[in-house]
């Protein structure tokens, strides 16, 4: 039976996908909007670029996560099939291997062998997957979950600077995009850190500094490009 202590490792898969998706959505869309705005573009051009960036980014994130996590799941399944064959055809060797693992963890040889025998009799495959390979059959990689989590979180993140660009006038548009983006990144860094059980300060600093750098560089490029063709 799984214990009920409040650990955070089981959240890593979906948490990583959602935080990464939202972070990319906020930063890439804000940077895109600022780059176009810095080139002195019209509201229509800015919003068109932003919406196109939202759709393209969400689809790209979904496909990227699906392919990546599917490869991980294929690898896990391959390891499970290999271990299943070894248990069926090399049972003695596998028992010795498991005993050696427990000895390496600090158990005396006799106790390590006894533990290996008992756990093998209980559930040999699950024991080897857990202690030899670090795999749990109940927690295999989930490609579809990662794909939709990334796409949805990207779209939500991208919507934040896009709304600022849509509802703020020309004179205050750049400042509004930067302001809401920084606030959103602070919130994302805090939520991500708290959900993962980590101190929020470092997480917030990472996303804010990275986002500010991306926006600054893209604005400079947009301004230079606009000046060159203006």
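Data table
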{"read-out": "Candidate set: segment 190-209, residues that are in a helix (DSSP H, G or I) and modelled with pLDDT under 85; chosen: the one farthest from the chain's Cα centre (by Cα)", "value": "200"}
{"read-out": "Selected residue (only one of 36, 55, 69, 117 is exposed (fewer than 15 other Cβ atoms within 10 Å of the Cβ) and either under 25 Å from the mean Cα position of the chain (by Cα) or in contact (Cβ under 8 Å) with a residue 40 or more places away in the chain (or both))", "value": "55"}
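Residues are listed down the side, and each one gets a yes or a no for (1) over 30 Å from residue 208 (Cβ atoms); (2) surrounded by fewer than 18 Cβ atoms within 10 Å (Cβ to Cβ):
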residue	(1), (2)
87	yes, yes
93	yes, yes
110	yes, yes
126	yes, yes
133	yes, yes
147	no, no
157	no, no
170	no, yes
177	no, no
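For (1) closer than 14 Å to residue 132 by Cα; (2) at pLDDT 90 or above; (3) not in a helix (DSSP H, G or I), each residue gets a yes or a no:
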position	(1), (2), (3)
60	no, yes, no
74	no, no, no
86	yes, no, no
96	yes, no, no
100	yes, yes, no
107	no, no, yes
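The values are calculated or read from the model by the stated rules, or taken from the named source; none is laboratory data. A quick note: this is a predicted structure, and the numbers were derived from the prediction, not measured. Virtual Cβ from ideal backbone geometry, glycine too; neighbours counted across all protein chains shown.
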